[in-house]
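The values are calculated or read from the model by the stated rules, or taken from the named source; none is laboratory data. In this text the structure is predicted, and so the values were computed from the model without any measurement. Every residue, glycine as well, gets a Cβ built from its backbone with ideal geometry; the counts of neighbours run over all protein chains shown. Calculation scope for accessible area: heavy atoms of the full protein, side chains included, ligands and nucleic acids excluded. Shrake-Rupley method; radii C 1.70, N 1.55, O 1.52, S 1.80 Å.
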Amino acid sequence: MKQKRMVAMILAGGRGTRLYDLTKKVAKPAVHFGGKYRIIDFPLSNCANSNVSTVGVLVQYESVLLNSYIARDYVWGLDVPNGGVFCLPPREKDESGLGLYRGTADAITQNLDFLDLQNAEYVLILSGDHIYKMNYDKMLDAHIKNGADATIAVLEVPMSEASRFGIMNCDEDDNIVEFEEKPKEPKSNLASMGIYIFTYKTLRKYLKDDEKRNDSAHDFGKDIIPAYLNDGLKLLAYRFKGYWKDVGTVNSLWEANMDLIKNSGELNLSDPDWKIYTGDNNAVPQQIGPNAKINVAYITQGCLVDGEVTRSVLFTGATVGEGAKVCDSVIMNNAKISKGASLTRCLVMDDVVVPEGLKLGSKNSKDILLVTKALVNKKVGNK
């Protein structure tokens, strides 16, 4: 049987401005998640588990740390012959000069030579900032079986939230007949997950045509997908039933971390059948002190807990001192919650030290408090 040659392209160059200080110095896909992981681990692990061995990561904003991280393709088992993880930044070309990626479609257009070199038959387009597990090989099977030109992964969302997403309207066979970007009055609840499979030969033509247009946003949702529909090409909706979350805001990042301590199993990072791989830093085991009180928590390696932790997630190297109280909070790498401090509904950034006795956050707050070094200094100075 002929091997299906699908190349994955992960869009990882966005600024992530809604994560504020978390992405001030690093790209959003490089932000830590779930104790010892980074967000980019999820699409890369999905590729490895789906037998997609060639992955291009399209970087742009604050990419130094992300570049060095993804260079270790052996972490995800992608250091294979005729495969690997390739870092693809914008680059100078004779015909176009030096320019940044202008949109999601333009990012792929600027790397058509890479796809040509890989002899791609199908192209899998992914986002680098979603938390989920998905078998892309099964999605490709559906794409081929249905003779689709493009297949778009969709997730059923509550109708009350559908106006926040790109919505796919389909016939009874899940053929997409209409696409609406954040409609005020949605006709369906099938939301695009930003995961696409394209037959490369057709996609290449449409990208080259789009490149010539001055009125284009060079975006898949705004330009390429509508062009496919206008020309009567076959677009298939692929229904996804598992866990998926866009962690583009502080609240959503906090929510995804907190989902780890639920007993529903929707986001099980211990599943041996679908591992999420990461560049583990081999930290020492966690230590639980004599004064610790723990009630429903997700505590990673290298943590030292001698205070009270309730419904919270502690990343690698986090410390909770004696008498400190951490409730409904996410404590990121090497952050220190000092003796007697109290946190409620907070997300504490890497390496932040919360001083003794300082109280932050509130159980009545709608939004999660992002605790930065600057915020701590301000609170201490106002005392």
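When region 205-222 is filtered for residues that are closer than 28 Å to Lys133 by Cα and either open to solvent by 30 Å² or more (accessible area, probe 1.4 Å) or among the acidic types (Asp, Glu) (or both), the ones remaining, listed by number, are Asp219, Lys222.
Among the residues of region 143-166, those that are in a strand (DSSP E or B), modelled with pLDDT of 95 or more and under 16 Å from Phe220 (Cα atoms) comprise Ala150, Thr151, Ile152, Ala153, Val154. All of (1) in contact with an Asp or Glu (Cβ under 8 Å, 6 or more places away or on another chain); (2) of a type outside the set (Phe, Trp, Tyr); (3) farther than 30 Å from His32 by Cβ; (4) open to solvent by 20 Å² or more (accessible area, probe 1.4 Å) hold for Thr104 with one exception: (3). For region 317-333, name all the residues that are within 15 Å of Tyr298 (Cα to Cα) and assigned to a loop (DSSP other than H, G, I, E, B). Within region 317-333, Gly317, Ala318, Asp328, Ser329, Met332, Asn333 meet the criteria.
Listed here are the residues, each with its yes/no results for (1) under 12 Å from Ala12 (Cα atoms); (2) at pLDDT 95 or above; (3) within 16 Å of the chain's Cα centre (by Cα); (4) open to solvent by 40 Å² or more (accessible area, probe 1.4 Å).
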position	(1), (2), (3), (4)
Lys28	yes, no, yes, no
Gly35	no, no, yes, no
Ile39	yes, yes, yes, no
Cys47	no, yes, yes, no
Val52	no, yes, no, no
Leu66	yes, no, yes, no
Ile70	yes, no, yes, no
Asp73	no, no, no, no
Arg91	no, no, no, yes
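The rows are residues; the columns are (1) under 19 Å from Gly194 (Cα atoms); (2) surrounded by fewer than 21 Cβ atoms within 10 Å (Cβ to Cβ); (3) among the charged types (D, E, K, R).
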residue: Asp116; (1), (2), (3): no, yes, yes
residue: Ala120; (1), (2), (3): no, no, no
residue: Asp129; (1), (2), (3): yes, no, yes
residue: Ile152; (1), (2), (3): yes, no, no
residue: Val157; (1), (2), (3): yes, yes, no
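Applying a threshold of 6 Å to beta carbon distances and a minimum spacing of six or more residues, or different chains, the list of pairs starting in region 79-92 at a residue that is outside any strand (DSSP E or B) and ending at one that is open to solvent by 70 Å² or more (accessible area, probe 1.4 Å) reads Pro90/Leu100; Glu92/Leu98. Within region 342-383, the set of residues being out of contact with any Lys or Arg (no Cβ under 8 Å at 6 or more places or on another chain) and crowded, with 16+ Cβ neighbours inside 10 Å comprises Cys346, Leu347, Val348, Asp350, Pro355, Leu370, Val371, Thr372, Leu375, Val376. For region 1-21, taking the residues that are in contact with a strand residue (DSSP E or B) (Cβ under 7 Å, 6 or more places away or on another chain) and assigned to a helix (DSSP H, G or I), the one that is farthest from Tyr243 (Cα to Cα) is identified as Asp21. Restricting attention to region 338-366, the residues that are touching a residue at least 60 places away in the same chain (Cβ under 8 Å) and touching a helix residue (DSSP H, G or I) at 6+ places or on another chain (Cβ under 6 Å) add up to 1. In region 177-223, of all residues being acidic (Asp, Glu) and part of a helix (DSSP H, G or I), the one that is modelled with the lowest pLDDT corresponds to Glu211. Gly289 meets the conditions (1) closer than 23 Å to Asp21 by Cβ; (2) in contact with an Asp or Glu (Cβ under 6 Å, 6 or more places away or on another chain); (3) open to solvent by less than 30 Å² (accessible area, probe 1.4 Å); (4) of a type outside the set (Val, Ile, Thr) in every case but one. The failed one is (1). Just one of (1) in contact with a Lys or Arg (Cβ under 8 Å, 6 or more places away or on another chain); (2) crowded, with 19+ Cβ neighbours inside 10 Å fails for Cys327. It is (2).
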